[in-house]
There are 2 protein chains.
Amino acid sequence: MTQSNSYQPLTVDTIAPRLGEINAITDHLGNNPNAWSADEVGDGNLNLVFIVKSPKGAVIVKQALPYVRLVGDSWPLPLKRAFFEYHALTRQMARAPGMVPEIYHFDEVQALIVMQFFAPHVILRNFLIAGKRNETMAHEMGLFAARTLFRGSDLSMDTSTRKADLALFADNAELCDITENLVFSDPYFDAGMNQHNSPQLDSIVARLRGDIDLKVGVQHLKAKFCNNAETMLHGDLHTGSIMVTGDETKVIDPEFVTYGPIGFDVGMMLSNFLMAYFSQPGHEVKSGDRADFQEWILGVVDTVWASFCAEFSQLWRTERTGILYQKTLYEDQGHDLAAEQALGQRLHMIWVDALGFAGVEMHRRILGLAHNADFEDIADEDSRATCEARSLELGRQLVVNAAQFAGMAQVIDLTRVINRGNWT
Amino acid sequence: MTQSNSYQPLTVDTIAPRLGEINAITDHLGNNPNAWSADEVGDGNLNLVFIVKSPKGAVIVKQALPYVRLVGDSWPLPLKRAFFEYHALTRQMARAPGMVPEIYHFDEVQALIVMQFFAPHVILRNFLIAGKRNETMAHEMGLFAARTLFRGSDLSMDTSTRKADLALFADNAELCDITENLVFSDPYFDAGMNQHNSPQLDSIVARLRGDIDLKVGVQHLKAKFCNNAETMLHGDLHTGSIMVTGDETKVIDPEFVTYGPIGFDVGMMLSNFLMAYFSQPGHEVKSGDRADFQEWILGVVDTVWASFCAEFSQLWRTERTGILYQKTLYEDQGHDLAAEQALGQRLHMIWVDALGFAGVEMHRRILGLAHNADFEDIADEDSRATCEARSLELGRQLVVNAAQFAGMAQVIDLTRVINRGNWT
C-alpha cells in the first residue's frame, strides 16, 4: 500500500484532498472528492475517527494521534499503534470472518486505517444504556472470542508463525503499558490519574485499597496478563468496542492487541456486561422499569460464556492442529477421552482467569482514569454511587474468589444478591 | 565484533590460521598461532567444541553446525542458535556474575563464540557418575537459578526491555521446537526417534503411554513452557550444562534460551539430580557402596531448592523494581505483609511447576531421543533397567501429583521409597 511522506493529522477539511486519489478509497466513495463530507466522531480515548460519506457510500477513517486524546499531548503515545491495529484486524478477519471491519487502505506513516463503515450499527454500550436488546449478540460474541482466541494460539497455529506474531505484537509495549498500569495497578492505590465520582465511595475505596488478599490476587492476574502469551488478544474487548443493530454484531478497535491469556478478553467482556447490569437502576425513569432488562443482561452474561465454551470445544475437537494437546498423543492412540479431559481442564483455567480479570476491570472502570458511560451517564450522584459500589463489591468477590465458583449460575446469583443490597 | 564472509565449519587444523589474527583471542593465546593446539571435545548433541591451547593460555571455541550433531545432516538446525547463545551469555553474565564463561569473541556469520576455558572443571554429570562431591555447588546453583530467573523477569526488568528480549529470543524457534517435541510429546507415544534401552522397560512404558492423567498433565506443562514467558530461561539446565571442581561451579551452553516459566529451569535441574540419585546403584562396585553418596545427592536436591528460595526471596525484598507486585502497591502503603504473601504464593506456583517439569524431564531422558550418561553408562542391562524404571515411576508421580506435595521432604521421602522398591 502507498505510504505518505510525513505524518500529519487529518481534519474534516483535509480528508478529501489527501485521500481523494487513493483507489482503494474511491472504489467506495467515488472519484469526486468534492462530493465527500467528513465528520469527526471519535468518542474513544485515543484516536481521531472520521466518517467520510459520499453519494456513493461511506468509510471510516481512523488515525492515531501522537498522544493520548483523553489526556492530551502531555501523554505521548506512539503512532505505531495503527500498525498493530492493522495487523490485528487482518488476523481477526481471517479467524472470525465477517465480524470485524474490512480494511480498504492502510498507511503506516500516517498511522491511518480506512475501513468499512458499519451502519446503522451503534456502540453496544450506548445501546445497553438505552435499554435496547439484541438477541444474537451474546452468542455472536461467544463465537468471536472462541474463534479469535483459539485460532491465535498454539492450539491451532503453526508455532513458528505464532512465535513471529508474539514477537511482532510484543513491540506494542506502550499500549500494553496503559493496561498494565491503569487496569492492574493504579486503581489499587492513590495514583495521580485516578478519579472516582462520589465521596460516598470513599469508604469502600479505602477498604479495597487496604485489602491485602485483593491486592495480591490482582498482581497474580497482572503477571498472567504480562507473561502468559497464550493467544492474540483483542486487548480491549469491552462494550465500547462492539457495534450492534437489533440483529447484527461487529467488533472494532483492537489497537491494544497483545499476546496474553485467553481469559483476559473473555473476562473483560463479561465484566462490561455485569457493569451494564449494575448501572441499570441509574437509568430508570420510574423505579423498577429496568428490572426485566437487567435480567436480560444476565442472560447475555450466561450466553456469552456458554457460547464461548461450545465454540471453543467445537474448535478443540476439529481444529486442534497446533503443538499443544496433539491428536498424535490422544485420539491417534485411542485416547479420545484424554482430549476431552484436557479440554475440560483448559476451560476451567480460562474460567478462573476470566472471572479474575472481570473483577479487575470492574474496579478500574470506577476507580481509575478511564470510566464507563454506563455509570458516568447517571445524573443522580447517590444513584450512581450505589450502582458503582455494587459493582466494586462484585469485582472484589470475582478476584479473590475466582477459583471457588461452582459455575456461572453462582456468579449470576451473587450478582443479583449484590444488586439487591444497600451499599453506599 | 568482526564478521567473516561465509560460514565454514572449523577443524583442529584451520583454527589457528582462521582465528590467529583476532586480537580478542591472541590476548589469551599469544600472537604465535603456530604454537596453538586444538582438540575437538564436543560431547553434546549439537555443536563443535574445541579447546585451543597455547603456552600462554587456553580458550574454548564453540561453533554451531547447520544440523543436529547427534542425528546428522538429515536434521538441519539453523546457525543462528550461536547468536542466541551469545545474547543469553551476556545477560547471564550480568545477572549471575562469575558463573558463566566470559566471552572473548563472537562471529555471527561463523556461528562462533570464543570464550573462557574452565580448568580443571569437569562436567557435573560425569563428576556425579564418578561418585564425587562438591559441597558448594548445590547452593551456587540455587543462587544461579534465582538470580538469572528473577532478574530476567518483569519482577525486576524494565518491561519494554523485557518485551524486546522476549521478541528477540522468540526467534530461537527451532531449538524450542526440539524441547517442545522431544521433551513434551515424543516420550508419550511411539514416536520415530524414541529409544529405550531394555525390553524390561516395555511394560512400564506401555503403562505410562496409556496413562491419561499423565498425558493431560504433561500437555498442561507444555502449554506453560510454550506460552508462559515469565523469564529468560537457560533452557537446558541439566548436569551436563554445569561444570565443577571440588569447590567451584560454572554454567555453560544456554543455546536453548527462551522466555518461559521460572519453574522450567528449576525443575530440569532438580530432575537431573534425582536421575543421578536413581542411577547410582548401577555404578556400584560392590553392593551398597553408593548408598551414602545417594543420600548426599538428596541433600543436593534439598539445598538447590532451599538456596533458590532464599535467594529469590532476598531479591524479591530488595530488587523488586519491575511492573509486578510493585512496592508502590505494597510496602509504600504499609502493606509489607502483602508483598510477603505474594512471594509465598509465587514460590508455591514455581514449586508446582518445577515438580511437573522435573517429572517430564525424567521421562524424556529414558524414553526419548537424548539419553543421560547417568543411565547409559551402566553396563549391566538389568541394573540399568531397574534404575530407569524407578526414575520413570517418580517422574509420573511428580507430574500428576505436583500440586499435592507438602514440601521437599515429602518428595525426597517418596524418592527413597521408590529407590527401595523392586520395579522391573
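Some observations on this one:
- Chain B, helix-only ellipticity at 222 nm - DSSP H runs n ≥ 4, -39,500 (n - 2.57), divided by all residues, nearest 500: -15500 deg cm²/dmol
- Residues listed by number, the range B:119-156, amide nitrogen under 20 Å from B:Asp377 label point at 7 Å toward C-beta: B:119-138
- Apportionment of accessible area to carbon and sulfur, the range A:15-116, percent (1.4 Å): 49
- Beta bridges per DSSP with both ends in the range A:15-116, % antiparallel, nearest 5: 100
- Across the range B:404-412, computed HN-Hα scalar couplings (Karplus, 6.51 cos²θ - 1.76 cosθ + 1.60, θ = phi - 60°) run 10, 8, 6, x, 5, 4, 6, 5, 5 Hz from first to last residue, x flagging Gly and Pro.
- Label 7 Å beyond Cα on the Cβ vector: A:Gln404 copy-to-copy distances, nm: 2.3
- Whole-number percent relative contact order across chain B, with pairs defined as alpha carbons under 8 Å at least 6 apart: 17
- Cα gyration tensor, chain B - rounded (a/c under 1.5), prolate or oblate: oblate
- Per residue, the range A:265-354 exposes an accessible area of 35 Å² to a 1.4 Å probe, with every protein chain left in place.
- Straight Cα distances below 18 angstrom link A:Lys215 to the lysines A:Lys224, B:Lys327, with same-chain residues fewer than 8 positions distant left out.
- Charge dipole of chain A about the Cα centre (unit charges at C-beta), most positive-ward option of A:Pro261, A:Val205, A:Leu347: A:Leu347
- Interchain or long-range residues, amide H under 5 Å from A:Tyr67's placed H: A:Leu77
- Largest accessible area first, the listed residues A:Thr161, A:Thr415 line up as A:Thr161, A:Thr415 when surface is computed with a 1.4 Å probe on the assembled protein chains.
- Label points for A:Gly57 are taken 7 Å from Cα along Cα→Cβ. From this copy to the others they lie 6.9 nm apart, shortest first.
- Residues of the range B:93-111 with amide N under 20 Å of a point placed 7 Å along Cα→Cβ from B:Ala306: none
- Residues of the range B:145-179 whose accessible area, computed with a 1.4 Å probe over protein heavy atoms, drops by at least 50 Å² once all protein chains are present relative to their chain alone are B:Lys163, B:Ala170.
- Here the Karplus curve 6.51 cos²θ - 1.76 cosθ + 1.60, taken at θ = phi - 60°, turns the phi angles of the range A:259-274 into couplings of 7, x, x, 3, x, 5, 4, 4, x, 4, 5, 4, 4, 5, 5, 5 Hz, with x standing for Gly and Pro.
- When the protein assembly as shown is described by a simple charge dipole with +1 on each Lys and Arg Cβ and -1 on each Asp and Glu Cβ, the residue from A:Ser160, B:Pro33, B:His139 located farthest towards its positive end is B:His139.
- Subset of A:Lys53/A:Lys80; A:Lys163/B:Lys80; A:Lys163/B:Lys163 violating a 20 Å alpha-carbon distance limit: A:Lys53/A:Lys80
- Carbon plus sulfur fraction of accessible area for the range B:221-355, probe 1.4 Å, in percent: 49
- Taking a point 7 Å from the Cα of A:Glu284 along the Cα-to-Cβ direction, the residues of the range A:391-424 with backbone N closer than 20 Å to it are A:391-394, A:413-424.
- Loop-located trypsin sites (Lys or Arg not before Pro) in the range A:1-92 whose Cβ has at most 12 other Cβ within 10 Å (DSSP): none
- Within the same chain, aspartates and glutamates fewer than 8 places from A:Lys222 are excluded, and of the rest, those with a Cα less than 13 Å from its Cα are A:Asp177, A:Glu180, A:Asp186, A:Asp353, A:Glu361, B:Asp154, B:Glu230.
- Pairwise burial B:A, computed as accessible area of each alone minus the pair, summed, 1.4 Å, Å²: 4000
- Evaluating 6.51 cos²θ - 1.76 cosθ + 1.60 at θ = phi - 60° for every residue in the range A:206-212, the Karplus couplings come out as 4, 4, 5, 6, x, 8, 5 Hz, glycine and proline recorded as x.
- Farthest toward the positive end of the dipole of the protein assembly as shown, out of B:Ala223, A:Trp296, A:Gln333, is the Cα of A:Trp296, where the dipole comes from beta carbon charges about the Cα centre.
- Sorted shortest first, the distances from the B:Gly210 label point to those of the same residue in the other copies are 6.1 nm; each point sits 7 Å from Cα along Cα-to-Cβ.
The values are calculated or read from the model by the stated rules, or taken from the named source; none is laboratory data. Note that this is a predicted model, so its numbers are computed, not measured. So basically every Cβ, Gly included, is an ideal-geometry build from the backbone, and we count neighbours across all protein chains shown. Only protein heavy atoms, including side chains, enter the accessible area calculation; ligands, DNA and RNA are left aside. Shrake-Rupley method; radii C 1.70, N 1.55, O 1.52, S 1.80 Å.
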